[in-house]
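Scroll down for the structure; my scribbles are underneath it.
The values are calculated or read from the model by the stated rules, or taken from the named source; none is laboratory data. Being a predicted model, the structure only gives us computed values, none of them experimental. Here the Cβ positions follow ideal geometry from the backbone for every residue, glycine too, while neighbour counts run over all protein chains shown.
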């Protein structure tokens, strides 16, 4: 796993979730415009690649269709599921050590620190 790529994608996904979440609270049924949808789908595609087929939130979802223009609330639901799956993947690839948490690569602890898992997941 590329830690830097994971952290960048996760941060971008969290940013989108927060921004679209704000829109969804005001106007949940409004459609996302094409400009925003383009970037949302880019981050989802990157997340799909990081997660791999086994860790995707939905086996048959790879991104939003422009023809079906999703609503703000639709996007929030999907982004939330992606964030949960990325956190599960992160939790499966970190370990506590010396009072901190560190990334694992190929089962070996790295020097790259991270936050503790948001939830305790069982592998």
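Could you say whether any residue in segment 80-88 is farther than 26 Å from residue 117 by Cβ, free of Cβ contacts under 8 Å to residues at least 60 places away in the same chain and surrounded by fewer than 17 Cβ atoms within 10 Å (Cβ to Cβ)?
Within segment 80-88, not a single residue is farther than 26 Å from residue 117 by Cβ, free of Cβ contacts under 8 Å to residues at least 60 places away in the same chain and surrounded by fewer than 17 Cβ atoms within 10 Å (Cβ to Cβ).
Could you list all residues from segment 20-40 that are surrounded by 16 or more Cβ atoms within 10 Å (Cβ to Cβ), without any contact (Cβ under 8 Å) to a residue 40 or more places away in the chain and farther than 16 Å from residue 86 by Cβ?
36, 37
Looking at 17, 61, 6, can you tell me which residue is within 15 Å of the chain's Cα centre (by Cα) and either on the phi > 0 side of the Ramachandran plot or surrounded by fewer than 16 Cβ atoms within 10 Å (Cβ to Cβ) (or both)?
61
Tell me the residue from 57, 117 that is within 26 Å of residue 1 (Cα to Cα), at pLDDT below 95, assigned to a loop (DSSP other than H, G, I, E, B) and touching a helix residue (DSSP H, G or I) at 6+ places or on another chain (Cβ under 8 Å), please.
117
Determine, yes or no, whether residue 39 is at pLDDT 95 or above and part of a loop (DSSP other than H, G, I, E, B).
No.
For segment 66-96, enumerate the residues that are more than 17 Å from the chain's Cα centre (by Cα), over 22 Å from residue 26 (Cβ atoms) and not in a helix (DSSP H, G or I).
Matches in segment 66-96: 95, 96.
Take residue 23 and tell me if it is over 10 Å from the mean Cα position of the chain (by Cα) and assigned to a helix (DSSP H, G or I).
So residue 23 fits the description; yes.
Taking residue 1 as meeting all but one of (1) in contact with a helix residue (DSSP H, G or I) (Cβ under 7 Å, 6 or more places away or on another chain); (2) in contact (Cβ under 8 Å) with a residue 24 or more places away in the chain; (3) surrounded by 12 or more Cβ atoms within 10 Å (Cβ to Cβ), write down the number of the exception.
Of everything listed in (1) in contact with a helix residue (DSSP H, G or I) (Cβ under 7 Å, 6 or more places away or on another chain); (2) in contact (Cβ under 8 Å) with a residue 24 or more places away in the chain; (3) surrounded by 12 or more Cβ atoms within 10 Å (Cβ to Cβ), residue 1 misses just condition (1).
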